[in-house]
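Where a number appears in this text, it was derived from the coordinates with a stated rule and is not lab data. Just so we're clear, the structure is a prediction, and the values are computed from it rather than from any experiment. Every residue, glycine among them, receives a Cβ derived from its backbone with ideal geometry; neighbour counts consider all protein chains shown.
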Amino acid sequence: MRNFKHFFLLVSFGALARAVLAQTVVDLENFNLPPNTFLNNASPEEAFVSGPVALPNLYDPQFMFWTGWAISNTTDTITPGFLNESSAMAGSGAEGTATYAVSYAFDGAVLRLLGPAAGSTVLGLFVTNNAYAYYSMRDGDAFAKKFGGPSGNDPDFFLLTVKKYRNGVLGPDSVNFYLADYRFEDNSRDYIVKEWTYIDLSSLGEADSLLFTLTSSDVGVFGMNTPAYFCIDQIRLQPLVSQKEAVSGGPSFSLYPNPASERVFVRLPAEVLANAVSIDVFDAAGRSVSMGAQPQQSFSVSDWATGLYYVRIHTREEVATIPLRVVR
Amino acid sequence: MGDDVFLYRHFLPLFRVRCLALSAGALLKWVTIGVAQSDSAFLLSPVDVIAPVVRSQPAGSRVERLDSAQLSWHLSESAADVLLRRSGFYVRSYGLGSLATTSARGGGSAQTAVLWNGLPLQSPMLGQLDFSLLPVLFVDELAVQYGGSSAAWGSGAVGGALLLNNTSRWSPGLSLSVREGRGSFGWQQRSGTLRYGRQHWATSTRLFAEEAQNDFSFRAAPTLPYRRQTNARLQQQGVLQEIFLRPRSEGATLSLRVWWQNTFRQIPPTITQRRSQAEQTDALLRTSAHWRKALRHSVWELRAAYFDESIRYRDALSRQDTRNAFQTGLGEAELTRRFGKYLDAQLILNCSHTRATTPAYGTSVVQRRTALYSVGQWQGRRLRVQVDGRLEWIDGRRVPFTPSIGMEGQLSPHGQLQARLARHYRAPTLNDRYWRPGGNPSLRPEQGWSQEIGATYRRAVWKGDVALSATAFHRHIYDWILWARRQGQLFFSPQNIAEVRTRGLEARLGLQQSFLAKGQVRLSIGYDHVRSTNERPVVNPRIEAGTQLFYVPKHQVQAELWVQWDHLQVIVFHEYTDAVIGLNETVSAFRLGTLRLQYARDARKAHLLLFLCVENAWDAHYQVVERRPMPGRHFRAGIQAGLCR
């Protein structure tokens, strides 16, 4: 009997796990680029498509000029200047992959979720600086200033802002990420991002597309002087799933309300005793969230940041992981 | 606007181009600016068979001339340095030995024409010229024409024109002169002139070699420590070879000229740049042939020229290596005829063919121009009136007809009045038309009208004289070409979207006196006021209607004191330039002073000259172009010796 229950739980856990870990990671490796390639022309298409993600690209053959996104696997992290617009400063793709996307975002860049993926939540993605922009900020060039200025104290910054479109409307929320920040009083804290860094976009919620914009402190009469480039890779998506589908079969652990903003209650199956339950919570990036005193059947989420969490409920015999959304 | 700065910004990465003898007579001419032409005109005997060079003496236009005696103070320098000290043109200098462009009467840097013996030198790709590459050594006469004359000189003579002339020298015998200079920051210059003449031919060779480290100390801001300029070396050589032929003493003359010059310059980092390994080589070959024949009532001139110029830009850091080049062949036929006692007319036909190559064009491009110019001049005892006009076709398309009318009248023995009305145009450059991305082959030329009125007063005072002049001008140019980015446009492209109205005032005061038999003193003060405003707003670049153009100062004041005592001459020069609006920041106003000493001994067959210059004498901390440092006080000294037989 116990083995059968175990088996059932394992199956259901597997289903749960699959459903919950059914986040998609768009790794951009589907382009099969030969080594050291910069693909900036999507014609005849108007976008580079990888899984459910479309990265718009426009190539002007008369002027050999591209805008939007390009796909790259070049590894030159040494050469400054516009000729090295194809390289990410990290030297390769994120999480050990080879390919990444480069954005020219002078007027903003859009990332679209295609077809059934529209409405998913983009949990996050990895971002880093493009080599051209990096060296322009670090050393200056003929048109853009060296960040910090001649004294080193200028409070310069290079900011990436992400917003979302849902049903044609631009949402008010935004996620800010500093690709370079020289605003610190203590200059030793000044930095320009050089490695792949994960940014959590889950707080934006369901989206049809994302809008990326760049702003800089180095602005002249022609607008932003800092080269308007950045790189992304490993886009994590959480498809739209209803709570019912996530929990299929097996003992019904569930959380209510879900989404929640104040307090969450755990509904346990009849045969599980409350004192035999322990609960761990992880946020969307996999970091553990402190639960304070061991909760029994309810816990407060009133001071948690909005977003998606995973609640892992242990009993002596089984483990279940349930996604929980915190909203305000 | 700051066209050259803009071009540097956008063209620099892809193509380097994105990228002026103090003797009594000399200062007298400098002082009697408005009167010079009329004086010489009135002194000419009416039965003189040689007709005046009508096109080069525009009536009603303000022209300031420097002859070889005045230019002798600047033999170690370029035209940029002369214009900086001797004219109301605003010179944008990018640093010691670096690029220098001009703004004449509030115009853009492509709105100053440069003519070498009547032949246009501006680059057809950029429409402008680097004035630091015009050595004064190669020039015998320099004339600064304010307001330009599109009729006479064609495209680009909108704000002003710089006329560089070589005179034919027929003095027989041999003369040789060598000059050696040394100065701060590793500056060295060596030059020589060799002339030999016989009855029917003469030759003149001028050559120079110059180098400098330009590693001057500067501070990015008064609160920051001094540091040395890096990557600023300069190395330059050039030769001007002239041959004059005159088979029969009163017959035709032929002047052949070859001007070869090679300049290597490292491009230093800006104040907001950590380092630079960029360098640029400008190579040019300019050849010309002038044939002139004077008849009883007319003069024929035929001119032919071939220019081959290139710029190579390299940057080891960003791995760039681009070469941009153009070759131009041009021919000009000119007929000047005198009709009766008072009337002169000139007719000029000009054809040119240019081929230009740069990676950004894709293939090389070709431009053909044909122009017809005609001028009529009526000269009476006290009045001179000129009417002229130009018809031009560029690649088969006609550009606006540009007429002008000017007058000069002697109101009294001391006073003169002059006025001028002219139409101007500037054709789009090859970069404007063919650059990828953005080039627009169907751009219209910039065009507009200008008006000016001036008065000059001169009279003898005690042991010398005083001269005063003032000129007021107004110019309106529309269809002004600006590289801009429209909403939703992917890249910058040149568009006829700007409109500029310029008005201003030029005032000059000159005073000269002799004293104590051996001494002479001269004082000249000049003031230039220019309000050059954008009449229409632009989104990108961000321009508000009514604002002053980028890099055009509202006020410039120059003062020069010259003292001669026996063999010694001293000049003290001081200037004030008002603040200008830059592309990223405002460039503050600055005051600059120069001290020069010259000691000259002349014997019958030899001469010796020693010179000393103190530049930036008051050690001012200043910039002319934003983010480009300028040196503090520095020195140049040298010696010149010559023989003639």
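Sequence-ordered 3J(HN,Hα) estimates for region B:71-83 from the Karplus curve with 6.51, -1.76 and 1.60 and θ = phi - 60° stand at 5, 4, 6, 10, 4, 8, 10, 10, 4, 4, 5, 5, 5 Hz, glycine and proline given as x. Take the alpha-carbon centre of region B:447-513, take the same for region B:336-372, and report the distance between them in whole Å. After rounding, the separation between the Cα centres reads 25 Å. Within the shell of other residues whose beta carbon sits under 12 angstrom from the beta carbon of B:Gly197, the net charge comes to +4, with Lys and Arg scored +1 and Asp and Glu -1.
Projecting label points 7 angstrom from Cα along Cα→Cβ for B:Thr363 and B:Leu295 puts them 4.5 nm apart. Between the amide H of B:Phe216 and those of B:Gln229, distances stay under 5 Å, these residues lying 5 or more places away or on another chain, with hydrogens modeled in the peptide plane.
Applied to region B:270-282, the Karplus parametrisation 6.51 cos²θ - 1.76 cosθ + 1.60 on θ = phi - 60° returns per-residue 3J(HN,Hα) values of 6, 5, 9, 10, 6, 7, 8, 10, 6, 8, 9, 10, 9 Hz, with x for Gly and Pro.
Could you tally the net charge around B:Ser493, taking each other residue with its Cβ under 12 Å from the Cβ of B:Ser493, Lys/Arg +1 and Asp/Glu -1?
After counting each charged neighbour, the total is +2.
In the protein assembly as shown, the alpha-carbon atoms span a convex hull of 171 Å³ per residue.
Under 5 Å from the amide H of A:Thr74 lie the amide H atoms of A:Thr37, each residue being 5 or more positions distant or on a separate chain, with H modelled from the backbone and absent for Pro and chain starts.
To the nearest 500 deg cm²/dmol, what mean residue ellipticity at 222 nm is calculated for the protein assembly as shown from DSSP H runs of n ≥ 4 alone, each contributing -39,500 (n - 2.57), summed and divided by the residues?
Values: 10 runs with 78 residues, N = 973.
Roughly -2000 deg cm²/dmol at 222 nm, from the helical runs in the protein assembly as shown.
Set the Förster distance to 51 Å, then compute FRET efficiency between A:Asn30 and B:Ala637 from the Cβ-Cβ distance, nearest 0.05. So the FRET efficiency works out to roughly 0.10. A Förster radius of 22 Å, combined with the Cβ-Cβ distance separating A:Arg166 from A:Gln23, puts the computed FRET efficiency at roughly 0.70. Between B:Trp449 and B:Ala283, the FRET efficiency estimated from the beta carbon spacing at R0 = 45 angstrom works out to 0.70.
Sorting B:136-143, A:47-54, A:262-269, B:288-295 by average packing, meaning the other beta carbons within 10 Å per residue, from highest down gives B:136-143, A:47-54, B:288-295, A:262-269.
A:Val102: net charge of surrounding residues, Cβ under 13 Å, Lys/Arg +1, Asp/Glu -1, itself excluded?
My count for the surroundings of A:Val102 gives -3.
Taking every residue in A:77-83 and counting other chain Cβ atoms within 10 Å of its Cβ, the average works out to 4. Shielding by partners for peptide B:489-499, expressed as the average number of C-beta atoms from other protein chains within 10 Å of each residue's C-beta, is 2. Put simply, the amide H of B:Gly160, placed in the peptide plane, has neighbours under 5 Å in B:Ala113, B:Gly147, B:Gly148, leaving out anything fewer than 5 places away on its chain.
Per-residue shielding of A:147-154, expressed as the average number of other chain Cβ atoms within 10 Å of the residue Cβ, stands at 3.
In order along region B:628-645, the phi-based Karplus estimate (6.51 cos²θ - 1.76 cosθ + 1.60, θ = phi - 60°) of 3J(HN,Hα) comes to 10, x, 10, x, x, 4, 8, 10, 9, 9, x, 9, 9, 9, x, 10, 9, 10 Hz; Gly and Pro are listed as x.
Between B:Leu176, B:Leu549, B:Ala620, the Cα set farthest toward the positive side of the dipole of chain B (charges on each charged residue's Cβ, about the Cα centre) is that of B:Leu176.
How large, in Å, is region B:332-479 by the Kirkwood hydrodynamic radius built from its alpha-carbon pairs?
18.6
Multiplying the residue separation of B:Arg312 and B:Ala470 by 0.36 nm and removing their Cα-Cα distance gives an extension gain of 52.5 nm. Annotation: aspartates and glutamates with alpha-carbon distance below 19 angstrom to A:Lys163 (same-chain offsets under eight excluded): A:Asp107, A:Asp173, A:Asp200, A:Glu206, A:Asp208, A:Asp233. Taken along the Cα-to-beta-carbon direction at a fixed 7 Å, the label points for A:Ile199 and A:Glu46 span 2.5 nm.
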